[in-house]
Amino acid sequence: MRRLNRKKTLNLMKELDAFPKVPESYVETSASGGTVSLIAFTTIAFLTIMEFMVYRDTWMKYEYEVDKDFTSKLRINIDITVAMRCQYVGADVLDLAETMVASADGLIYEPVIFELTPQQKELQRMLQLIQSRLQEEHSLQDVIFKSAFKSASTALPPREDNSLQSPDACRIHGHLYVNKVAGNFHITVGKAIPHPRGHAHLAALVSHESYNFSHRIDHLSFGELIPGIINPLDGTEKIASDYNQMFQYFITVVPTKLHTYKISAETHQFSVTERERVINHAAGSHGVSGIFMKYDISSLMVTVTEEHMPFWQFLVRLCGIIGGIFSTTGILHGFGRFVAEIIFCRFRLGSYRSTSVPLPDGHTSNHLPLLTENSTH
């Protein structure tokens, strides 16, 4: 009884077989089929390798939401070199809430030489080249996000030459914590002093001939300091054409949460527009000589997440490639054989056309003549 049930079950399973087997004696092979099979296998191998490379790759997903954090402080990371002596310049921040943050809270004034060494010039030239490529190809920003904490720092290396030249510039570097409102970070003549109606700079003791706001921005960023991230103003160098000149940078800061397979950090991206002009009160160009960075905080927050293709999706795509190529090549091969058989059949019919053979009774026969032994010689 069990054997009978097992036999019925096996017969039922055989009837449900969607992949019937054909005996090899009934299978006919051909050179054209082998050629098409070779092309199909080669194409499958190539597309499989390409699909595996896509599977290994990752991409960045951008999501936008309203930034609801208004109470935390915003960190500004600064590394700027000005072509004036440190005792002649002062840096501070003044925001819309009339809150003044002095540079003594986190900035260091370091006397340096403004002219770069050949090695430093080479690194700065490379950074400027990267900046130009980033402006042309925005997709390179995703590559920078992925390489965060793996790339080297963008800061210039220290001078290696033992120059006896006296320092003629001031490197202002460090970080400041400010309120998350629009503000103005500026470097101008004289040290900043608090004032009931704002703030002021002691510039009366500095002669106008000493003014030189040629500067180099080695690094400027907002939020957590992430090595390897290149910001829009990194590597910028401006040479003043007049001693009484103003440089302005208008910055829009966007809070950004970065989540990759390597890091998870909160930073800030920003865009910038630049403007420079010579101060000439007689010509109507009013203002104060110096470097002014006016920043504004966006109300939107961007979440950047690194994503990867799921394994099941890779398998589905791989099955689609293999099955699609087999089906397509089979259809094309069958269609090609069908066309070839029609053409060859016509040629054969043309070579064996019927001939008229006279009969003794005066009639003609349109049948094909039989091949005899003598006719073959």
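The values are calculated or read from the model by the stated rules, or taken from the named source; none is laboratory data. Note that the coordinates shown come from a computational prediction; the quantities given were computed from them, not determined experimentally. Cβ atoms come from the backbone with ideal geometry, glycine included; neighbour counts cover every protein chain shown. Side chains included, ligands, DNA and RNA excluded: accessible areas come from the protein's heavy atoms. Shrake-Rupley method; radii C 1.70, N 1.55, O 1.52, S 1.80 Å.
Assorted remarks:
- Within the option set Phe145, Phe213, being among the aromatic types (Phe, Trp, Tyr) and modelled with pLDDT of 75 or more holds for one residue only, Phe213.
- Residues satisfying the stated conditions in the range 229-253, i.e. open to solvent by 10 Å² or more (accessible area, probe 1.4 Å) and not aliphatic (A, V, I, L, M): Asn231, Pro232, Thr236, Glu237, Lys238, Ser241, Asp242, Tyr243, Asn244, Gln248, Phe250, Thr252
- The residue pairs whose first member lies in the range 224-252 and is within 25 Å of Ile279 (Cβ to Cβ), whose second member is among the small types (Gly, Ala, Ser) and surrounded by 15 or more Cβ atoms within 10 Å (Cβ to Cβ), and whose beta carbons are closer than 7 Å, counting only pairs six or more residues apart or on different chains, are Lys238/Ser214; Ile239/Ser214; Ala240/Ser214; Asn244/Ser289; Gln245/Ser289; Met246/Gly287; Met246/Ser289; Met246/Gly290.
- Filtering the range 1-26 to residues that are modelled with pLDDT under 65 and open to solvent by less than 100 Å² (accessible area, probe 1.4 Å) leaves only Ala18.
- Test: residue in the range 162-170 that is modelled with pLDDT of 70 or more, assigned by the TED database to the domain that holds Thr236 and assigned to a strand (DSSP E or B): yes
- Residue identified as within 30 Å of Gln141 (Cβ to Cβ), modelled with pLDDT of 85 or more, open to solvent by less than 40 Å² (accessible area, probe 1.4 Å) and acidic (Asp, Glu) among Glu65, Glu51: Glu51
- Counting the residues of the range 58-98 that are among the charged types (D, E, K, R) and under 33 Å from the mean Cα position of the chain (by Cα) gives 9.
- Every residue from the range 69-87 that is part of a strand (DSSP E or B) and charged (D, E, K, R): Lys73, Arg75, Asp79
To keep it simple, each residue is scored yes or no on (1) on the phi > 0 side of the Ramachandran plot; (2) more than 26 Å from the chain's Cα centre (by Cα); (3) small (Gly, Ala, Ser).
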| position | (1), (2), (3) |
| --- | --- |
| Lys238 | no, yes, no |
| Val254 | no, no, no |
| Ala265 | no, no, yes |
| Glu276 | no, yes, no |
| Asn280 | no, yes, no |
| Met293 | no, yes, no |
